[in-house]
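The values are calculated or read from the model by the stated rules, or taken from the named source; none is laboratory data. Owing to the predicted nature of the structure, the values given are computational and were not obtained by experimental measurement. When we count neighbours, we look across all protein chains shown, and the Cβ atoms used for this are built from the backbone with ideal geometry, even at glycine.
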Amino acid sequence: MLSEKSRPVIEATLPVIAERINFITPEFYKRMFAARPDLMDGMFSRSSQLEGTQPRALAGSIAVFASWLVENPNSYPDEVLSRVAHKHASLGLKEEEYPTVYKYLFEAIAADLGDACTAEVAEAWTEVYWLMADALIKLEKGLYAQQANDVMQSEFKLVKRVESGEGVIDVTFEPADDTPMTDAVAGQYISIIAKAKDGLRQPRQFTLLPSEKNQRRVAIKLDPEGEMTEILHGLKEGDTVEISNPYGDVTLGAFGDDESAPLYLFSAGIGVTPMLAFVSELAEKGSEREVVAVHGDRSNDSWPLKDDYKAAVEKLKNGKLITFLGEEGQGDFFGRVDVAKIDVPSNASVYLCGPLPFMQDVRSALVEAGVPGKQIQYEIFGPDQWMLHDQARAS
Ligand code: FAD
Ligand code: HEM
């Protein structure tokens, strides 16, 4: 709970911190990685740093958290915290590291604000930092306690590799040692850690696909500008990588999902991965839920996991697939996903996954059509800057 003493200070300094945070965070990371280069080995993504998405996400989350506390001093923005805690846990983040971030973040704040960073200001923001950190630490400990093992990552061996859609591989791993595996829930992801070209261990997250219990299966889309998907595409059967336990809170029944409401799944491109997991889980359970799977892609050839997805939707008792494809005559509709062409009831529970502009368009159209924003969940294949800028989850 934010103290009465700090609340007016946070309120008064939020605009200046919000304005300066994009200058403060690069400085913070520069200082932290100079002192702790080991944090780049197996934990932080070098590309997210270079691209600037992760610094913006972290900085934005602190500002969102502070504004939340000013408005609601007695509660926390649970969805923001949950997403971050799951991501942290997939990277094996430990409680001991929180003072590290605190030290370098607050050094950077002091350096940037100069005289404006009075003792009172520093104290109030310190309180916000530790409220957030303590909430995250508690969630992360809870997540670790649910695992079938007490390790952060273990070795897995590639046992199957097939091409699926343009530039996408569908790969299956099995444990290379006897570490027990945690059962995953549909929609969850794992962090896969492999060595970059210079030997630095780099993690990336991938959504789990339906597989045998003793396997981890994912589809990996090659990012021609990226660092690790090229390496992962180069893996051969028998090669090993490190894999985390499964994490992620974008699952059926979570947050705004009323399991008795019709389920609408909107995906584009590789965003089909969580949808395939959902549909397969529902089909396996013999669910009678009404499910409408809407997928957009450039063409039938580019659509990853097309056959698996079609087969999974067909297995549903009340499932329907609607496609929007960029080649005339191939899908139910030609062109980009257009919500106006589908009748989405206002009580629908909706999940989105795909490129950010796709999710923003679909979400806006759905809200316009009368679906409340809180019934719309989404998975972002990168640091989440959307929740922070669009306040997507709040409305
Ligand atoms: P990165 O190296 O991470 O690069 C990403 C982007 O950063 C590049 O496109 C480029 O624009 C930029 N960049 C890279 N290097 C630089 C540089 N030097 N300077 C400036 N910019 C740079 N992907 C899947 O394929 N399938 C999935 O099922 C899947 N599920 C995911 C689930 C979650 C929860 C999350 C968070 C992500 C998921 N992803 C998934 C995305 C995946 O984790 C990777 O982000 C993606 O595959 C790109 O990895 P990469 O290493 O090739 O690219
Ligand atoms: C990711 C916030 C502490 C390491 C993130 C993200 C946020 C965030 C918002 C992006 C999540 C997403 O949408 O994907 C915070 C806050 C902290 C904190 C508010 C303190 C109160 C830490 C600490 C460490 C850490 C102590 C480790 C030293 C990471 C890493 C990622 C991450 C490695 C993934 C980034 C990447 O892909 O490179 N954090 N974090 N965080 N955080 Fe934290």
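Cβ-Cβ contacts under 6 Å between residues 6 or more apart (or on different chains), taken from a first residue in region 246-261 that is among the polar types (S, T, N, Q) to a second residue that is surrounded by 15 or more Cβ atoms within 10 Å (Cβ to Cβ) and part of a loop (DSSP other than H, G, I, E, B), are listed as 251/185; 251/187.
Could we say that residue 14 is more than 10 Å from ligand 2 (Cβ to nearest atom) and buried (at least 19 other Cβ atoms within 10 Å of the Cβ) here? No, not satisfied. When you check residue 223 against the structure, is it within 16 Å of ligand 2 (Cβ to nearest atom), acidic (Asp, Glu) and not assigned by TED's automatic domain parsing to the domain that holds residue 271, yes or no? When the stated conditions are applied, residue 223 passes them. Determine which member of the set 199, 187 is more than 6 Å from ligand 1 (Cβ to nearest atom), free of Cβ contacts under 8 Å to residues at least 40 places away in the same chain and outside the structural domain of residue 382 (by TED's automatic domain parsing). Unique residue meeting the criteria: 199. Taking residue 193, is it closer than 25 Å to residue 251 by Cβ, within 16 Å of ligand 2 (Cβ to nearest atom) and touching a Lys or Arg at 6+ places or on another chain (Cβ under 6 Å)? Yes: the conditions hold for residue 193. Of all residues in region 72-106, those that are among the acidic types (Asp, Glu) and within 8 Å of ligand 2 (Cβ to nearest atom) total 1. Among the residues of region 32-64, the one identified as away from ligand 1 (no atom under 16 Å from the Cβ), surrounded by 18 or more Cβ atoms within 10 Å (Cβ to Cβ) and modelled with pLDDT of 85 or more is 32. Within region 256-303, the set of residues being of a type in the set (Lys, Arg) and either within 16 Å of ligand 2 (Cβ to nearest atom) or in contact with a Gly (Cβ under 7 Å, 6 or more places away or on another chain) (or both) comprises 298 only. Taking the criterion of being of a type in the set (Asp, Glu), at pLDDT below 90 and farther than 30 Å from residue 193 by Cα, would at least one residue in region 10-21 satisfy it? Among the residues of region 10-21, at least one is of a type in the set (Asp, Glu), at pLDDT below 90 and farther than 30 Å from residue 193 by Cα, which makes the answer yes.
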